[in-house]
1. Which of the numbered conditions does Ala157 fail, given that it passes all the others? Conditions: (1) at pLDDT 90 or above; (2) over 23 Å from Gly89 (Cα atoms).
2. Let me confirm something: among Arg154, Arg109, Arg175, which residue is without any contact (Cβ under 8 Å) to a residue 12 or more places away in the chain and among the basic types (Lys, Arg)?
3. Tell me, which strands (runs of 3 or more DSSP E) lie completely within the range 95-186 with 3 or more residues that are under 22 Å from Ile75 (Cβ atoms) and touching a strand residue (DSSP E or B) at 6+ places or on another chain (Cβ under 9 Å)?
4. Taking the criterion of being more than 22 Å from Cys68 (Cα to Cα), acidic (Asp, Glu) and surrounded by 14 or more Cβ atoms within 10 Å (Cβ to Cβ), would at least one residue in the range 131-145 satisfy it?
5. Could you list, ordered by first residue, the pairs with Cβ atoms under 6 Å in which the first is in the range 112-136 and in contact (Cβ under 8 Å) with a residue 12 or more places away in the chain and the second is assigned to a strand (DSSP E or B) and aromatic (Phe, Trp, Tyr), at least 6 apart or interchain?
6. Checking Ala44 against (1) modelled with pLDDT of 85 or more; (2) surrounded by 14 or more Cβ atoms within 10 Å (Cβ to Cβ); (3) part of a loop (DSSP other than H, G, I, E, B), which single condition isn't satisfied?
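The values are calculated or read from the model by the stated rules, or taken from the named source; none is laboratory data. The structure presented is a predicted model; accordingly, all values stated were derived computationally and were not measured. Positions of Cβ are backbone-derived with ideal geometry, glycine not excepted, and every protein chain shown enters the neighbour counts.
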Amino acid sequence: MAKLLKRAGLPALTRASAAAVTAIIDARHPYAAPIAPEAQRAGAAPPPTLRLIRPPWRPTAGDRWIECPSTAVMISRLPSGGRVFVTLGRAEEAPLLADATREYLIRVRDCAPSDPPPHIAYLPGAGPFTAEGERALFERLGVAALATRNDGRRGAAPKIHAARALGLPVFMLSRPGIRGHYTMCPQAAARWAAASLSGGLDRLDEALIFTHSKPKRV
């Protein structure tokens, strides 16, 4: 059995026996934690795994991107004062909560925490978004900078377009390093899964599957 791992797939993986799963296509978002430690805690060696990752956004003319390897580094590079619109995910909030030198407007998809610090404001929103709507929102809120991560989703791109139109700096959290094999091509992932089921991974000649961020034929 080949397992396509999405957001709800990790608990199922940790409960599955090693013999039941032949291979895993990990299609979670690019900032998801590696699954190998979870499988090891479950007492089983992980089966062959391929990361299927959305292509990242690329800056174009008019963009003002500042790449940041961590949220802590991002905070050190943000302009002093002003309002920062944040779409980094809940896992990255702790450094923002501790930094009261500027105001953070944090978009959340689920329920916002109660009684946030005075410099934190939670804005519920799950899309769909438009570039025009995001631009109007930024102008109404007086946003001075955008802090986000490069998840590559088309539905999340309007905020990038709005920042470009307004000339705002975009502080982009860099994607984490990739362990093992990965691809950005769903068709290549399907061929990899078929080869794993037939025991032919060692014979798979696929130019769109890479290892450790460098091209490699496997």
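1. Answer for Ala157: the failing condition is (2).
2. Arg154
3. Values: elements: 103-108, 120-124, 143-149, 170-173, 181-183.
Answer list for the range 95-186: 103-108, 120-124, 143-149, 170-173.
4. The answer is yes, given that some residue of the range 131-145 is more than 22 Å from Cys68 (Cα to Cα), acidic (Asp, Glu) and surrounded by 14 or more Cβ atoms within 10 Å (Cβ to Cβ).
5. Ala112/Tyr122; Ile120/Tyr104
6. Evaluating Ala44 over (1) modelled with pLDDT of 85 or more; (2) surrounded by 14 or more Cβ atoms within 10 Å (Cβ to Cβ); (3) part of a loop (DSSP other than H, G, I, E, B) leaves (1) as the failure.
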